[in-house]
Amino acid sequence: MSKTKKSVIHEQLSSHHAAMKNIRLRDLFMHDPQRGKTYTQHFGGLYIDLSKNIISNETLPLLNKFAKVSGIEASIKAMFAGEKINNTEDRAVLHTALRSMPEQQLELDNKEIISQVHAELDKVQNFVTRIHSKNHRGWTNKPIDTFVNIGIGGSDLGPKMIVAALEEYRQGETRSFFISNIDYEAIDSVQKKIDPETTLFIIASKSFNTIETLTNAETLKTWMLASGCNDISKHFVAVSNNLEATGSFGIKPENVFTLWDWVGGRFSLWSAIGLPIALAIGYDNFKALLAGAHELDEHFSHAPLEKNIPVTLALIDYWYARFFDAPTHAFIPYDESLKLLPDYLSQLFMESNGKSTDINGHIVDYKTMPITWGSVGTNSQHSFFQLLHQGTHLVPIDFLAPLRKKGDQKHHALLLANCLAQSQALMQGESSTDPNRHIVGNKPSTTILYTELTPTILGSLIAMYEHRTFVQGLLWNINPFDQWGVELGKKLAVDIYDVLEGKKTGDNLDSSTQNLIDLYHNYHH
Ligand code: F6P
């Protein structure tokens with residue numbers, strides 16, 4: 001059987017890897033004094049330095065060839081055009097439409113969707129204006145000053161990360177809270193800090209079928225009623241794709257913001273799921289976030305493969321995962337404002353690409369998404385960095401840091417110095433005759449510097465990660481837009497809950513689960 005172009009290039013990559021695995025990064029830097037500059041890409045306020053990756057001037061051209069024969073360009077076009085690339089759910093993938101310009105047009109199933117998006121954004125703007133201008137008030141006529149988002153996964157992580165990142169842009173004397181966990185402690189700790197008369201609850205759930213969100217919302221509704229609230233409609237709004245369920249919960253249609261089925265949960269912060277963002281930082285700043293993402297969309301949809309930043313990043317991810325067997329990838333923001341970024345990225349990457357079935361329904365015989373994790377620098381230097389420097393795993397890293405940051409500049413310079421020192425130390429290592437002190441080096445990383453964390457730059461940064469996720473999926477030939485793996489656990493939890501509550505017996509349970517249930521029952525007679 002004749003080999004496909006793709007398998008030929010894959011073999012070339014494999015031979016190239018055999019040569020590259022013994023190359024020393026510090027030698028590459030020694031032989032090419034311009035390497036730092038040559039391998040730095042610039043987009044808007046972002047500088048992406050790829051030079052500390054184990055790549056030579058042969059690697060990216062070969063990877064780009066691989067991208068080309070993998071049909072990446074056509075797949076990018078298909079996504080933007082609204083083709084149903086989420087094949088297992090027969091859905092289009094159009095989070096890019098959420099940050100489109102109003103003059104754009106796009107038809108999906110014979111309906112123009114850009115005008116729908118902008119009508120919904122207008123609704124968000126009107127609502128935010130009514131809250132900020134104190135026209136929308138609580139049941140005792142006090143202005144609303146506290147926003148509590150009740151949601152989980154994509155209906156929590158994105159908005160929570162952005163609100164924390166852009167705290168500096170907060171409008172007025174307001175506060176934001178996010179309740180996601182079913183653990184009552186999550187509700188209790190927020191309830192102690194909020195005033196029911198001045199609080200708005202946003203129930204964020206695309207499906208309106210998620211047990212954590214619905215249970216938490218019911219508990220908080222009961223609390224509001226018990227606190228004397230005689231008009232729930234002033235205190236609860238919803239963001240969902242399920243109008244029937246929001247109606248049954250008691251939310252009036254005018255208080256429901258729409259989310260469409262062509263927006264995946266983990267890609268939804270740009271929709272009305274971003275309402276907590278717009279309430280916290282104001283509608284104009286929310287629009288600036290969308291504009292930053294749109295700029296990156298333009299780059300991603302038009303730049304040639306070899307200059308396309310999300311494509312290049314995904315190709316390098318593929319390089320490490322497929323050829324170097326890198327089991328994990330770490331994200332280390334040297335920016336306290338981005339402390340929630342690693343959590344957000346964990347869902348984005350792992351829920352999208354943690355799959356072992358390819359787009360044609362065949363089980364893959366290669367490794368797909370590495371485990372993604374991380375934490376804020378400099379704190380992580382004093383916890384897990386020992387493993388990164390001297391452990392036995394190869395862990396590619398994304399370092400992120402702002403070039404400018406408000407506040408004491410000595411702190412900022414020290415923050416940046418530490419970020420740069422870590423990637424340098426990981427790359428060059430240090431020789432010692434004492435094996436305990438010997439640091440091999442050659443640990444790859446990408447450094448992403450941004451001029452400062454504005455809404456626009458943050459929008460571009462997050463869109464860059466979204467598109468990197470998509471291209472990774474294309475390279476692994478999997479669908480990044482479904483998440484069937486999470487369903488089984490949800491279903492079993494409902495059954496086990498009934499057994500814990502004594503509503504049914506746990507027939508056919510494995511002895512571990514049965515024993516753990518018995519232990520619970522021993523403490524709950
Ligand atoms: O548990 C998986 C998941 O379906 C995520 O994909 C999603 O972001 C989250 O649950 C919340 O879903 P929903 O917005 O429908 O409540």
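Only the coordinates and a few stated rules stand behind these numbers; no lab work does. In this text the structure is predicted, and so the values were computed from the model without any measurement. As a convention, Cβ positions derive from the backbone with ideal geometry for all residues, glycine included, and neighbour counts pool all protein chains shown.
Straight-line reach from K252: which lysines fall under 24 Å, measuring Cα to Cα and dropping same-chain residues less than 8 apart?
Straight-distance partners of K252: K123, K134, K142, K206, K221, K234.
Work out, step by step, the length gained on full extension between E168 and I23: first 0.36 nm times the residue separation, then minus their alpha carbon distance; give nm to one decimal. The partial results should precede the final answer.
Numbers: separation 145, 0.36 × 145 = 52.20 nm, distance 4.41 nm.
So the chain would gain 47.8 nm between E168 and I23.
According to a simple spin-label model (label point 7 Å from Cα along Cα-to-Cβ), what is the distance in nm between K84 and D231?
Here the answer is 4.4 nm between the modelled labels.
Sort D49, D434, D317 by Cβ crowding within 10 Å, fewest neighbours at the top. Let's see the in-between values first.
Numbers: D49 20, D434 6, D317 26.
Fewest-to-most ranking of D49, D434, D317: D434, D49, D317.
By average Cβ neighbour count within 10 Å, what is the ranking of 295-308, 195-208, 358-371 from highest down? Write out the running numbers ahead of the final one.
Numbers: 295-308: 17.7, 195-208: 23.0, 358-371: 13.4.
Highest to lowest by the protection proxy: 195-208, 295-308, 358-371.
Please identify the trypsin sites (Lys or Arg not before Pro) of region 423-525 that satisfy two criteria: DSSP loop assignment and at most 12 other Cβ atoms within 10 Å. Which are they? Before the final figure, lay out each step's value.
Numbers: sites: R437, R468, K490, K491, K503, K504; in loops: R437, K503, K504.
Filter output for region 423-525: R437, K503, K504.
How would you rank 492-498, 322-328, highest first, on the average number of other Cβ atoms within 10 Å across their residues? Numbers along the way, then the final one.
On the way: 492-498: 12.6, 322-328: 15.9.
So the order, starting with the most tightly packed, is 322-328, 492-498.
Kindly express, to the nearest 10 degrees and within the range 0 to 90, the angle between helix 409-428's C-alpha long axis and the longest C-alpha principal axis of the chain.
For helix 409-428, the angle is close to 50 degrees.
For the residues T40, T59, what sequence is obtained by ranking on other C-beta atoms within 10 Å, fewest first?
Values: T40 14, T59 20.
Going from least to most buried by this count: T40, T59.
How many angstrom separate the Cα center of region 99-154 from the Cα center of region 449-480?
The two parts, judged by their Cα centres, are 24 Å apart.
Of all trypsin sites (Lys or Arg not before Pro) in region 46-94, which ones are in loop regions per DSSP and have a Cβ with at most 15 other Cβ atoms within 10 Å?
Numbers: sites: K52, K65, K68, K77, K84, R91; in loops: K52, K84.
Here the sparse-neighbourhood loop sites are K84.
To make sure I understand the rule: partners must be lysines, Cα under 16 Å from the Cα of K111, and not fewer than 8 residues away in the same chain. Which ones qualify?
K84
Just to be sure I understand: of the beta bridges DSSP finds with both ends in the chain, what percent are antiparallel, rounded to 5? Walk me through the numbers before you get to the answer.
Numbers: 14 of 45 bridges.
Here the antiparallel bridges make up roughly 30 percent for the chain.
Whole Å is fine, so just give me how far the alpha carbon centre of region 276-340 lies from that of region 38-60.
15 Å
Do the sum for the chain: with -39,500 (n - 2.57) for every DSSP H run of n ≥ 4, divided by all residues, what is the mean residue ellipticity at 222 nm, to the nearest 500 deg cm²/dmol? Provide the component values of the computation, followed by the final result.
Details: 19 runs with 223 residues, N = 525.
Using -39500 (n - 2.57) per qualifying helix, the result is -13000 deg cm²/dmol.
Ranked highest first by the average count of other Cβ atoms within 10 Å around their residues, in what order do 217-229, 401-413 fall?
On the way: 217-229: 16.1, 401-413: 13.5.
Sorting 217-229, 401-413 by mean packing, highest first, produces 217-229, 401-413.
Working from Cα positions, state the angle (0 to 90°, nearest 10) between the long axis of helix 309-318 and the longest principal axis of the chain.
Between the helix axis and the principal axis of the chain, the angle is about 70 degrees.
I need I114, I462 ordered by Cβ neighbour count within 10 Å, fewest first. Don't skip to the answer; put the middle values down first.
Numbers: I114 19, I462 25.
Lowest count first: I114, I462.
So how much slack lies between W223 and A74, counting 0.36 nm per residue of separation and subtracting their Cα-Cα distance, in nm?
Numbers: separation 149, 0.36 × 149 = 53.64 nm, distance 5.20 nm.
Extra length from W223 to A74 when fully extended: 48.4 nm.
Helix 211-226 versus the longest principal axis of the chain: what is the Cα-based angle in degrees, 0 to 90, to the nearest 10?
40 degrees
Aspartates and glutamates near K355 by alpha-carbon distance under 12 Å, same-chain residues fewer than 8 away left out - which ones?
D365, D482
May I ask which of K160/K193; K3/K65; K3/K307; K192/K405; K192/K490 have a Cα-Cα span longer than 22 Å here?
Working: K160/K193 18 Å; K3/K65 16 Å; K3/K307 28 Å; K192/K405 33 Å; K192/K490 30 Å.
Those over the limit are K3/K307; K192/K405; K192/K490.
If one computes the Cα centroid of region 485-525 and of region 188-254, what distance in Å separates the two points?
Measuring centre to centre over Cα atoms gives 28 Å.
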